Amino acid sequence: MVVNRPQINSESVRPLWSQAEVRALYELPFNDLLHRAHNIHRQNFDPNKVQISRLLSIKTGGCPEDCGYCSQSAHHESGLKASKLMEVRRVIAEATKARDAGATRYCMGAAWRNPKARDMDAVVAMVEGVKALGMETCMTLGMLDLEQAARLKQAGLDYYNHNIDTSERYYSEIISTRSFADRLETLEHVRQSGIKVCCGGIVGMGEEPVDRIDMLVTLANLPEHPQSVPINMLIPIEGTPLADAKPIEPIEFVRVIALARIMMPKSHVRLSAGRTAMTDEMQALCFFAGANSIFVGDTLLTANNPGEDKDALLFRRLGIEPMEREAQ
Ligand code: SAM
Ligand code: DTB
Ligand code: SF4
């Protein structure tokens, strides 16, 4: 079956994706979908290079939001101990270790609904300090107003991570303390301030294929494609409402990666949370389908991640090399 690209929307230089068109892609025979995704991947990237990011939780737990998947929400009994904002010099010391181990991007995450005015000086000092190490910087701090986004841009922040997580339809099943529209608003502030957008979502939260498709349609139809698109596979956390969610079937997960690659050809597609539950073969299929970024290290923010030894071995077996840092 041939799936044609839609007409160019008169208001946009970029064709907009329709639900029907993406569904047709999603339902292609697996080999046809992968062939298509891999060709697009090769046209835009070196297929044997994967970008390496490292995460640090700079403020853990006690979050006022009620995201049903998250260990850090104060609404759930996950057993996680909450902590205060980390000291700037500790953050720089951790980033130095990550740089020396080969990471080119450092992502700092805080369990906040939004940063308070009193937090901004420390957060800005973290961006400046990590930047001075020669790394790309990324932060994920919850909602930002335009002024906060501009301040982070001025400090040298390269990326801001803010996920839409799922479809607009399914969003209220997962989170009740904010709306899908709130998410889009912060993304607009980030874009307006000139910071690159890192935006993706989670699959395996009991959603239907239509929700995965709608999520990707929203991402790919944003005014600009997010430069980075993290696709997380739910890590079920005990004590959270999604602890027993039905896992996504591995082949379905690879299909989501392939769609993200086809729909956002020049974006980095990150194989994010959930790799400890994936076989090497599943990850290899994801790289073939167009994933070209991962988080390394034993821990993500609070949950486990394959250690660096395991990833180094996987890269060797697949002939994959770390991608150099982008020219600034
Ligand atoms: N508080 C900020 C926010 O929500 O934007 C930043 C940190 S938050 C933990 C970053 C992202 O991690 C979430 O948007 C979600 O996509 C992902 N995430 C959190 N818990 C997860 C889990 N258990 N499994 C998979 N992804 C998860
Ligand atoms: C993203 O999309 N995934 C990362 C990063 N952005 C901040 C976070 C994954 C978190 C996994 C659960 C945890 O470690 O608590
Ligand atoms: Fe808070 Fe972010 Fe976790 Fe939601 S995902 S509970 S906003 S830390």
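Looking only at region 229-256, which residues are acidic (D, E) and over 19 Å from the mean Cα position of the chain (by Cα)?
Selection gives E238, D244, E249.
Pick from region 48-65 the residues that are open to solvent by 30 Å² or more (accessible area, probe 1.4 Å) and assigned to a loop (DSSP other than H, G, I, E, B): which of them is farthest from ligand 3 (Cβ to nearest atom)?
Once the filter is applied, the top-ranked residue is N48.
Working only within region 143-171, note down all residues that are open to solvent by less than 10 Å² (accessible area, probe 1.4 Å), within 16 Å of ligand 3 (Cβ to nearest atom) and in contact (Cβ under 8 Å) with a residue 60 or more places away in the chain.
Hit for region 143-171 is D165, nothing else.
Being in contact with a Ser or Thr (Cβ under 8 Å, 6 or more places away or on another chain) and of a type in the set (V, I, T): is that true of I174 here?
yes
Can you tell me which of (1) away from ligand 1 (no atom under 16 Å from the Cβ); (2) crowded, with 18+ Cβ neighbours inside 10 Å; (3) charged (D, E, K, R) is the one E208 doesn't meet?
(2) is the only condition that E208 fails.
Do you know which of the residues in region 131-142 that are of a type in the set (A, V, I, L, M, F, W, C) and in contact (Cβ under 8 Å) with a residue 40 or more places away in the chain is farthest from K196 (Cα to Cα)?
In this case the residue turns out to be L133.
In region 172-189, which residues are within 16 Å of ligand 3 (Cβ to nearest atom) and farther than 21 Å from A260 by Cα?
Hits for region 172-189 are S172, E173, I174, I175, S176, T177, R178, S179, A181, D182, E185, T186.
Take residues that are within 16 Å of ligand 2 (Cβ to nearest atom) and not aromatic (F, W, Y) and tell me which of the strands (runs of 3 or more DSSP E) falling wholly in region 158-219 contain 2 or more.
196-198, 201-203
Given (1) out of contact with any Ser or Thr (no Cβ under 8 Å at 6 or more places or on another chain); (2) within 26 Å of Y106 (Cβ to Cβ); (3) crowded, with 19+ Cβ neighbours inside 10 Å, where does I262 come up short, assuming only one miss?
(2)
With the condition kept exactly as written, say whether any residue in region 277-297 is within 13 Å of ligand 2 (Cβ to nearest atom), within 27 Å of I213 (Cβ to Cβ) and not small (G, A, S).
Yes, because at least one residue in region 277-297 is within 13 Å of ligand 2 (Cβ to nearest atom), within 27 Å of I213 (Cβ to Cβ) and not small (G, A, S).
Could you grab me the full set of residues in region 240-261 that are more than 19 Å from N44 (Cβ to Cβ), part of a helix (DSSP H, G or I) and touching a residue at least 40 places away in the same chain (Cβ under 8 Å)?
I251, E252, F253, R255, listed by residue number.
Can you spot a residue in region 227-245 that is in contact with a strand residue (DSSP E or B) (Cβ under 8 Å, 6 or more places away or on another chain), more than 24 Å from Y160 (Cβ to Cβ) and open to solvent by 20 Å² or more (accessible area, probe 1.4 Å)?
no
For R317, only one of the following conditions fails: (1) within 18 Å of the chain's Cα centre (by Cα); (2) in a helix (DSSP H, G or I). What is its number?
(1)
I'd like to know if region 29-39 contains one or more residues that are modelled with pLDDT under 95, of a type in the set (D, E) and away from ligand 3 (no atom under 16 Å from the Cβ).
No, every residue in region 29-39 fails to be modelled with pLDDT under 95, of a type in the set (D, E) and away from ligand 3 (no atom under 16 Å from the Cβ).
Checking E77 against (1) within 12 Å of ligand 3 (Cβ to nearest atom); (2) surrounded by fewer than 23 Cβ atoms within 10 Å (Cβ to Cβ); (3) closer than 20 Å to P241 by Cβ, which single condition isn't satisfied?
Result: E77 fails condition (1) only.
Given the conditions (1) open to solvent by less than 50 Å² (accessible area, probe 1.4 Å); (2) more than 15 Å from ligand 3 (Cβ to nearest atom), report the number of the one that R89 does not fulfil.
Condition not satisfied by R89: (1).
I'm told P115 meets every condition in (1) open to solvent by 20 Å² or more (accessible area, probe 1.4 Å); (2) within 16 Å of ligand 3 (Cβ to nearest atom); (3) free of Cβ contacts under 8 Å to residues at least 40 places away in the same chain except one. Can you identify the failing condition by its number?
Of the numbered conditions (1) open to solvent by 20 Å² or more (accessible area, probe 1.4 Å); (2) within 16 Å of ligand 3 (Cβ to nearest atom); (3) free of Cβ contacts under 8 Å to residues at least 40 places away in the same chain, the odd one out for P115 is (1).
Looking at region 284-328, which of its residues are open to solvent by 60 Å² or more (accessible area, probe 1.4 Å), of a type in the set (D, E) and either within 16 Å of ligand 3 (Cβ to nearest atom) or free of Cβ contacts under 8 Å to residues at least 40 places away in the same chain (or both)?
D298, D309
Give region 172-202 a look and list any residue that's closer than 21 Å to C70 by Cβ, more than 17 Å from the chain's Cα centre (by Cα) and in contact (Cβ under 8 Å) with a residue 24 or more places away in the chain, or say none.
If the condition is that a residue be closer than 21 Å to C70 by Cβ, more than 17 Å from the chain's Cα centre (by Cα) and in contact (Cβ under 8 Å) with a residue 24 or more places away in the chain, then E173, I174, I175, S176, T177, R178, D182, E185 are the ones that fit.
The values are calculated or read from the model by the stated rules, or taken from the named source; none is laboratory data. What you see is a predicted model, and the numbers here were worked out from it, not measured in a lab. Note: ideal-geometry Cβ built from the backbone for every residue, glycine included; neighbour counts use all protein chains shown. Heads up: the accessible areas ignore ligands, DNA and RNA and are worked out on the full protein's heavy atoms, side chains in. Shrake-Rupley method; radii C 1.70, N 1.55, O 1.52, S 1.80 Å.
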